[in-house]
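Engineer: Before I ask anything, here is the structure I am working with.
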Amino acid sequence: MACLIQPLLWAIKLAITPEVLFPDFFGLWSSGRYVLTHVPSTVYDDRLLHAFQVELGMPADIGHLTFFYPPWVLMLLAPLGALPYGIARVAWLVLTFAAYVVALTAWRWRGVVAYLLFLAPSSAVCFLVGQNGFLTAALMLGGMRLLWTRPMVAGILLASLGYKPQFAILVPFVMLFGCHWRALASAGAWIAVLSLATTLAFGTDTWGAWLTGVGGQAGTLTGGRAALLDLMPTVLAGVLLLGGSATMAHAAQAAAAFFGLVALWKVRTRQDIAARAVLPVATILATPYAFDYDLPMVTGAILAVIAVRIAAPDRLRPFELPLLFACVVMPAILPAHGGALAAMVPIALGIALWILSRKPRPPVFGQSARSSDETGRYADMKLSTR
């Protein structure tokens, strides 16, 4: 219910006040607009960018909407920056959410489970703040869906996750563990093309400016600021919220990354939906830097697993449904600034990763492939014949 009421209140506020809303998207849009009229490399100068954002109408006391994405992202944001803010915001949300839905359409969703994709807390957060969680989810889930049937396209999609490098850290291991050589070659070629195009468009200085600024920004985000930590579903943030030291937090984060690699190795030869859902969940556990708006990739992957396993109840272990569904609804804790309670989110994700990486139950005699956990493979095969 909260997910339905909060967007309505924000829509009413948007209609009756001139206040700048959705500050996260305003940061993305203003950065794209900045490079159209300024030296592109100076977009990483927080002081200059903030002054430009204030000129565009942002209240000076709203905080600094720093740009710290790799220069590749400017290829996407510059066209958005050429549009008026309102139009750009609507276009961004509609297009990225549509891509998110398309990435999941290969699997047959059942009624109420499909509606949960729209009502999930992670979706509500993305709609409210205008962030890029839908785009990240579309690239990761679409890439995993096509990895066996369209490896070249999958490589491009998964390589594009490099626009947020912390979410691409496990992608090479997926390709290496599964011997997806065509996808790996495609990913490398796509990164080279993007890098060349970005350099030609915005200059070599842009890369140096990004590398200079990104280290300090990462330290700020993971350095223990409580206002940020309880919005982060990461293991590092969870340990700090529970009172652990920085050393303990980094050790736990390293252990979680290793757990993610083990899970990816276990499912390297599987093509069922649960196996494809391992990457997004493992990625959130492996990276020290993620926010509540980055969770649609987890929500979509887990809801797809739930939909398939509900359709084949004999494949659903008694404890799996409530534990998996908890990962869909628990992110609501984060926007509420739940403090130490937010540490439950990475714990739930760790349990989900264990469930997803387990071998699925064998189907009962005579069970249809369409109603089994192999539905993902069947749908991909059907898609490849169209």
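All of the numbers you see were taken from the coordinates with simple rules; none came from a lab. Since we're looking at a predicted model, the values are computed, not measured. As a convention, Cβ positions derive from the backbone with ideal geometry for all residues, glycine included, and neighbour counts pool all protein chains shown.
Engineer: If each of VAL153 and LEU321 carries a label point 7 Å out from its Cα toward its Cβ, how far apart are those two points in nm?
Structural biologist: Here the modelled spin labels are 3.4 nm apart.
Engineer: Could you check the simple spin-label distance between THR247 and VAL262, using points 7 Å along Cα→Cβ, in nm with one decimal?
Structural biologist: 2.4
Engineer: Count charges around VAL214 for me, please; just the other residues with Cβ under 13 Å from its Cβ, Lys/Arg as +1, Asp/Glu as -1.
Structural biologist: Numbers: positive: LYS164; negative: ASP46.
It works out to a net charge of 0.
Engineer: Have a look at LEU161, THR198, VAL262 and report the one farthest towards the positive end of the charge dipole of region 149-285, computed about the Cα centre with Cβ charges (Lys/Arg +1, Asp/Glu -1).
Structural biologist: Of the options given, the answer is VAL262.
Engineer: Where does region 94-184 land on the Kirkwood hydrodynamic radius, alpha-carbon pairs, in angstrom?
Structural biologist: Taking every pair of different Cα atoms in region 94-184, averaging 1/r and inverting gives 13.9 Å.
Engineer: How much net charge surrounds THR234 when only other residues with a Cβ under 12 Å from its Cβ are counted (Lys, Arg +1; Asp, Glu -1)?
Structural biologist: -3
Engineer: While we're on this one: At a 10 Å Cβ-Cβ cut-off, how would you order THR96, THR247, THR42, fewest neighbours first?
Structural biologist: THR247, THR42, THR96
Engineer: What list do you get for ARG268, ARG276 if you sort them by fewest beta carbons within 10 Å?
Structural biologist: Neighbour counts put them in this order, fewest first: ARG268, ARG276.
Engineer: Relative contact order of region 65-185: what whole-number percent is it, with Cα pairs under 8 angstrom and at least 6 residues apart?
Structural biologist: Here the relative contact order equals 23 percent.
Engineer: Can you work out the PRE-style zone for VAL193? Point 7 Å along Cα to Cβ, and I want the residues of region 127-154 with backbone N under 20 Å.
Structural biologist: Label zone hits: 136, 138-154.
Engineer: If you rank ILE156, ILE169, ILE355, ILE284 by fewest surrounding Cβ atoms within 10 Å, what's the result?
Structural biologist: Working: ILE156 22, ILE169 15, ILE355 19, ILE284 28.
Taking fewest neighbouring Cβ atoms as first place, the list is ILE169, ILE355, ILE156, ILE284.
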